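In what follows, a single structure is set out as structure tokens and then discussed.
A short reminder: the numbers here are calculations on the coordinates, not readings from a lab. Keep in mind that what you see is a predicted model, and the values were worked out from it rather than measured. Cβ sites come from the backbone with ideal geometry, for glycine too, and all protein chains shown count toward neighbours.
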Amino acid sequence: MKRLAWPAGILAALLLVNLIFTDHFFQIEIKEGHLYGSLIDIFRFGAPLILVALGMTLVIATKGIDLSVGSVVAISGAMACLQISTLEAQDSIGGVLGAIGVALALSIALGIGNGFLVAVIGIQPIIATLILMVAGRGLAQLITDGQIITINSDPYKLIGGGYWLTLPFGIIIVAVVLALIAFVTRRLALGLLIESVGGNAEASRLSGIRSHGLLIVVYAFCALCAGIAGLMISSNVSSADGNNAGLWIELDAILAVVIGGTSLAGGRFSLGGTVLGALIIQTLTTTIYSIGVPPETTLLFKALVVTIVCLLQSPAFRAKVFRSRRKPAPPTVPAGEKVTVRT
Amino acid sequence: MAEAILRMTGIGKEFPGVKALDGVDFRLLPGEVHALMGENGAGKSTLIKVLTGVYSIDSGEIELAGGRVAFAGPLEAQKAGISTVYQEVNLCRNLSVAENVFIGREPRKFGRIRWREMRRRTAELLRQLDLPIDVSKPLSHYSLAIQQMVAIARAIDIDARVLILDEPTSSLDAGEVAQLFRVMRRLKEQGIAILFVSHFLDQIYEIADRMTILRNGRLVGEYVTAELPQVELVGKMIGRELAELERLDERPPARTSDTLVEATELGGKVAPFSLTIREGEVVGLAGLLGSGRTEIARLLFGADHAGTGTLRIGGDQVNLRTPRAAMARGVAFCSENRREEGLVPELTVRENLILALQARRGWSRPVPRKKQDELVAKYIKALNIRPDNPEMLIRNLSGGNQQKVLLARWLILEPRLLILDEPTRGIDVGAKAEIQKLVVELSDGGMAVLFISAELDEVLRLSHKVAVLRDRRLVAELPNDDTLTTDVLMETIASGGAR
């Protein structure tokens, strides 16, 4: 996979930087039957972002974008916590499963709404999902009644903070979702249809692809991923914060998709690239803490690194920089003669 | 004869793989309306783009008012006195008429715009064109024809000596066309040379003094309009001199099989038409570009919605709302617009080839990879697709090979009616013959084919009957018997059904 070489290289470089500042950065050990280590932490804390970015990948492949995922994260977490807080026994597995079901069903419904606006009504995706991005925060606060709902439920805690088979439970969820998407898009034909619609919507329609239904499914799936991420985030802190849960995660997710090599122009997408992209962003966050960047400059630092990553990813930029180093300067143009450059 | 204001000699322009212009000579006299004629792909728009500085030329020279010029861009051409008004009015509809005329060169005093003088000068300018309208109203307030004339006013106010009107009449009604022609005659009197492009032959004969005909990037000739009958014009555009038009000897016998498609007064973007297609029958659609050929195809494929009339396919009355519904009835449509309606450029040859089949099966039943490879290998061989690498991105193939892949996309479905819109345009002679042979074979195998082509001899060679279109109206349906010749077809296209 040549396409994945650049993001993989960048991730490796970032990890190596950490090794300089943190001893035993690559060390993984088993304590009390659980895997521990910095690498495991990156995966574990990055799990919600990976999920959201995976859903975003499919949306972007259809030439769309979903800005509402952050709000869906908040809504899903709030819904689950609200349901659990009303349970008589918060540890009842049945009750927790019911709460999760309600939260995810709500997420899917919101995604279907997004897809409907985009596919049937024909609103541009950035506007259609902006509606839910803004209104969704309000909806989340409505659900929590403006408060932060705190719960105390061991089964729910498992999703974001627990372990299973020595692995953090979040990593297992990501692995299952990733395997499912990979199967549906690459072993079944969904991937081809998505790439076709993203690559040329009119040609796809004339080839008999039901693009409306396809778009609705994709947006619903993206919201489902965001919903699961919302469960993880709220479970990890055993509370739901309608205001801040998943704030700006849509931007990180879009960034992860782009770093992973899926073009915002739609068409070809890369699930592996997106996972690498999300890991790069999570590693960067970890790095910022470990090398001790002052808190007030973390955003600036992050922006700087991301800019460099994007420049390195750009074939046009690479061609310019590396060519000008290797080749002598082009012959100078005689004065007074006009030259038109064709690219 | 007056000295030419514009003279182009031996113009050559090459794009990768295509000679768009090959040694074309062209001249424009002051005070004339000159029509540039040719079928799609003949090189008209390339010539205009060369003239307006959009493209640079590979060979030849351009002289304007006696001096040699080479434009580096549209702005330079405009400054030299060559103005262009395109088919789509490129003005700002939300601004006022006066603002549109003076945008970018507003009269100023101490850096401030002198609105009053701007309005006064615009009104005066439009009065010269017999157009007394309120210049402070937004442009969107007026009809397309008036917008077009505002664009012309803007063009001539920038001291134009040559005015290029590229299909200005395509979206105007008869009254608006008359108004436009009045303005054109007035400009003519002022000594402006007008280059006029239109697909409507009647309009050419009404307004143009002389014409230059191009075909396949080469000059056919320069003619005085009044001395060239319409039939000969069509012949020269399509590429058959009257003298050499010979009857084709092999003539497919008429079909008597069951009726597959029956359209009755079906209408949408074309005037209501009736047409039947039998099983195994090849029906040719003849007519010039823009005559409504593609619109009929799209109606039968459900790509456009029919406004009136009924359609029966295989005996059942159907209401095709989507291409998918038409596909379920066994209709396939290979569009003439490869790039926008056919190719998915980022996908491979294999993926493009199986796309319609996969769409029919849905997302949950993938075509097994082995089956895909078999199908792709079969059609790459059958249609001689080059290079024969199924994993290559289709955008890297030549036009003719892309066309074959798209054709294969539909053949895989084994449709009952295959609609081919200009399947042989822009592809080399060998590939053309292969596709023609394929049509005959498919028809012998019982598949009905609706064959659309601008090349009349091709239509005659393949069709059992020919429907002729003119100005978005089906004007004649002719059985392909011994009396039907390209002559007769051209006559029908030119005159509109009077046989």
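Observations on the structure shown:
- Normalised convex hull volume, the stretch A:1-76, alpha-carbon set, Å³ per residue: 156 Å³
- Cβ-based exposure ranking for B:E458, B:E265, B:E117, in which fewest neighbours within 10 Å come first: B:E265, B:E117, B:E458
- Once the Kirkwood radius over Cα pairs is known for the stretch A:83-158, the Stokes-Einstein relation at 20 °C and 1.002 mPa s delivers a diffusion coefficient of 150 µm²/s.
- Residue-by-residue Karplus 3J(HN,Hα) for the stretch A:173-185, coefficients 6.51, -1.76, 1.60, Hz, glycine and proline x: 4, 4, 4, 5, 5, 4, 4, 5, 4, 4, 5, 5, 8
- Helical contribution to [θ] at 222 nm, DSSP H n ≥ 4, -39,500 (n - 2.57), averaged over chain B, rounded to 500: -10000 deg cm²/dmol
- Amide N of the stretch A:248-265 lying under 17 Å from the label point, which is placed 7 angstrom from the Cα of A:L4 along Cα→Cβ: A:256-263
- Under the span-like rule (Cα at least 15 Å along the axis, Kyte-Doolittle mean at least -1.0), DSSP H helices of chain B: B:144-157, B:174-189, B:349-361, B:399-411, B:429-444
- Here the calculated FRET efficiency for A:L251 and B:R361, from their Cβ-Cβ distance with R0 = 35 Å, stands at 0.40, rounded to the nearest 0.05.
- Extension gain, B:A271 to B:Q317, is 14.5 nm, computed as 0.36 nm per intervening residue step minus the present C-alpha separation.
- Neighbourhood charge, 14 Å Cβ-Cβ cut-off, centred on B:I419 and excluding it, Lys, Arg +1 and Asp, Glu -1: -2
- Helical contribution to [θ] at 222 nm, DSSP H n ≥ 4, -39,500 (n - 2.57), averaged over chain A, rounded to 500: -22000 deg cm²/dmol
- Overall dimensions of the stretch B:259-495, expressed as equivalent-ellipsoid semi-axes from the Cα gyration tensor (√(5λ), whole Å, largest first), are 29, 21, 15.
- When Rg and the Kirkwood Rh are both derived from Cα coordinates, the Rg/Rh ratio for the stretch B:6-228 amounts to 0.98.
- Placing +1 on each Lys and Arg Cβ and -1 on each Asp and Glu Cβ, with no other charges, gives the stretch B:259-495 a dipole about its Cα centre of roughly 1100 debye.
- Considered as an equivalent ellipsoid built on the Cα gyration tensor, the stretch A:144-199 has semi-axes of 34, 19, 6 Å, the largest given first.
- Building the convex hull from the alpha-carbon atoms of the stretch A:119-256 and averaging its projection over directions returns 10.3 nm².
- Low-density loop cleavage sites - chymotrypsin sites (Phe, Trp or Tyr not before Pro) in the stretch B:82-146, where at most 11 other Cβ are within 10 Å (DSSP): B:F110
- Residue order, fewest to most beta carbons within 10 Å, for B:L355, A:L299, B:L126: A:L299, B:L126, B:L355
- Cα pair distances exceeding 55 angstrom across the protein assembly as shown, given as percent: 27 percent
- Projecting the alpha carbon convex hull of chain A along each direction and taking the average yields 22.8 nm².
- Modelled spin-label separation between B:L144 and A:A303, with each label point placed 7 Å from Cα along the Cα-to-Cβ direction: 4.7 nm.
- Against the main long axis of the alpha-carbon atoms of chain A, helix A:93-115 sits at an angle near 40°.
- Viscosity 1.306 mPa s, temperature 10 °C, Stokes-Einstein D of chain B from Kirkwood C-alpha radius, µm²/s: 63 µm²/s
- Computed E for A:D154/A:A175 - FRET, C-beta separation, R0 25 angstrom, nearest 0.05: 0.65
- Kirkwood-Stokes translational diffusion coefficient of the stretch A:187-272, alpha-carbon pairs, 20 °C, 1.002 mPa s, µm²/s: 143 µm²/s
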